[in-house]
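Here is the structure we will look at, set down as structure tokens.
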Amino acid sequence: MCIRCPAGFKCPTPFAVAEPCPAGLYCPKGTADPATNKCGVGTYGPFEGLRYLSECSACKEGYICATEGIAALTTAEKCPAGKYCPKGSSSAISCPTGAICPAGSPYPQLCPVGTYNDLPDKSAPAECLMCLQHKACPSRGMTSVLAQNCADGFTCAVGGPAKVVSATPTAAQEGGLCPVGKFCSRVLGGGPTDCPVGTYNPNEGAGACIFCPPGQLCETTGMQVPLECPLGYYCPGQSAVVVNAKIPCPAGTYGAIKNAGVVTECTPCTVGNWCAGVAAVPAPCTAGYFCPIGQASATPGSSEYIMGDPLNIGG
């Protein structure tokens, strides 16, 4: 009496001794030729004598089982650099941004704190780039340094995996408070920027500079304290619509006081004197001329301002 070939074996010819089912294949009961009974993609058959498809093993993590009937995993099946292959993979998955995937990776390795990676398919540790100066990379797996500017009022040092880089650093090696005379704005990129003309900053940790007040002068960049508005001038306060500048008192007036903030603080020239403007004190009128209040010339043109009696009014 003939007996059906047992499961896990193949019986290629009648009356032949049953042979173990080859690795990479499976042999249900009664199998003569298991060539079509291959372990499927995403699996492999590392042992002889498999009976059913379900006994094929899931492809090992870090490898790809892209074809049917794989019996052993070799370097040919190893997951390539820049990709990752979890258990049971039939194809490699692209390494995401914020991570690296060396050859044989079962999953992405997140870039460490202080670094970032904004491109996919990277594999080497050096491809996790150090956080740029004035940027913050405070967590693992950062994908874009541009999304993490240093916080308002702070400056961030160049990053690296050896230290945490915070958006509000306190350790000296990581950065610190924005220096005086400058501002550090997250919107503008986080780096220290000189206070512009018309502003100043006397404090550390500023996210914006202070408008120069009326009567004071901020005529250069990076000022820590305003200057006094000098004699002979007035200095309007800086605002969104007014420019802080040193403006001469107009002709017919003089600037007798420091820190004048509006033109009305320029004093009208006194009787008997003239003021050409940009004057701290009035000057005497030229001999033979009369200078009324607010006179801008030493020799007034009208005859009525000439001393004597040119109109012969007296007789």
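The values are calculated or read from the model by the stated rules, or taken from the named source; none is laboratory data. Everything quoted here is computed from the prediction, not taken from an experiment. All Cβ positions, even for glycine, are placed from backbone atoms using ideal geometry, and neighbour counts span all protein chains on display.
General observations
- Check on Gly42, among the small types (Gly, Ala, Ser) and closer than 27 Å to Ser139 by Cα: no
- The range 236-249: number of residues that are touching a Gly at 6+ places or on another chain (Cβ under 6 Å) and crowded, with 18+ Cβ neighbours inside 10 Å: 3
- Condition broken by Asn201, with the remaining ones in (1) closer than 22 Å to Leu132 by Cβ; (2) at pLDDT 75 or above satisfied: (1)
- The range 47-96 - residue that is of a type in the set (Val, Ile, Thr) and not in a loop (DSSP other than H, G, I, E, B) and, of those, farthest from Ala124 (Cα to Cα): Thr75
- For the range 128-142, filtered to residues that are of a type in the set (A, V, I, L, M, F, W, C) and part of a loop (DSSP other than H, G, I, E, B), the residue that is nearest to Cys101 (Cα to Cα) is Cys128.
- The residue of the range 258-282 that is nearest to Ala298 (Cα to Cα), among those that are surrounded by fewer than 16 Cβ atoms within 10 Å (Cβ to Cβ) and at pLDDT below 90, is Val281.
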